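Here the structure comes first, spelled out in structure tokens, and everything after it is commentary.
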Amino acid sequence: MPNIKSAIKRVKTTENAEARNISQKNAMRTAVKNAKTAINNNADNKAELVNFAIKSVDKASQSNLIHSNKADRIKSQLMSSSK
């Protein structure tokens with residue numbers, strides 16, 4: 001545990017940022033999983049779920065939670081399988 005006041009603050013902000021990043025990444029994974037399930041089951045709202053998943057993947061890529069190449073790969077898989 002740090003003794004310096006600024007180091008204590010830094011630990012706290014790092015924990016908050018880490019929790020926020022993990023939450024956003026988990027939400028992205030869930031959206032992609034829901035979209036893939038909807039595509040496989042040929043659900044009525046699959047286009048809506050695919051669009052939401054692509055949006056969440058883009059957000060994760062912009063905030064450097066995932067690499068841009070991975071984001072492009074996920075989006076490509078979703079788009080090609082939704083046709």
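Every number in this text was worked out from the coordinates using simple rules, so none of it is lab data. Only a predicted model underlies this, so the values are computations on that prediction, with no experimental measurement involved. All Cβ positions, even for glycine, are placed from backbone atoms using ideal geometry, and neighbour counts span all protein chains on display.
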Checklist outcome for this item: Percent of all alpha-carbon pairs of the chain at distances over 20 Å, whole number, is 44 percent
Checklist outcome for this item: So the FRET efficiency between R73 and I8, C-beta based with R0 = 35 Å and rounded to 0.05, is 0.30
Checklist outcome for this item: Placing each pseudo-label 7 Å from Cα in the direction of the beta carbon, D58 and K33 end up separated by a distance in nanometres of 2.4 nm
Item to check | GNM result for the chain, Cα springs below 10 Å: residue of K25, K70, K12 fluctuating most strongly | outcome: K12
Item to check | Helix 5-41 axis, angle to the chain major axis (alpha carbon atoms, nearest 10°) | outcome: 10 degrees
Checklist entry - Helix 46-62 versus the longest principal axis of the chain: what angle, 0 to 90°, nearest 10, using Cα atoms? => result 30 degrees
Next on the checklist: List the pairs from K25/K46; K36/K70; K12/K55; K33/K55 whose alpha-carbon separation is above 19 Å, in the order I gave them.
Outcome noted: K25/K46; K12/K55
Checklist entry - Which whole-number percentage describes the relative contact order of the chain, with Cα contacts under 8 Å and a sequence gap of 6 or more? => result 26 percent
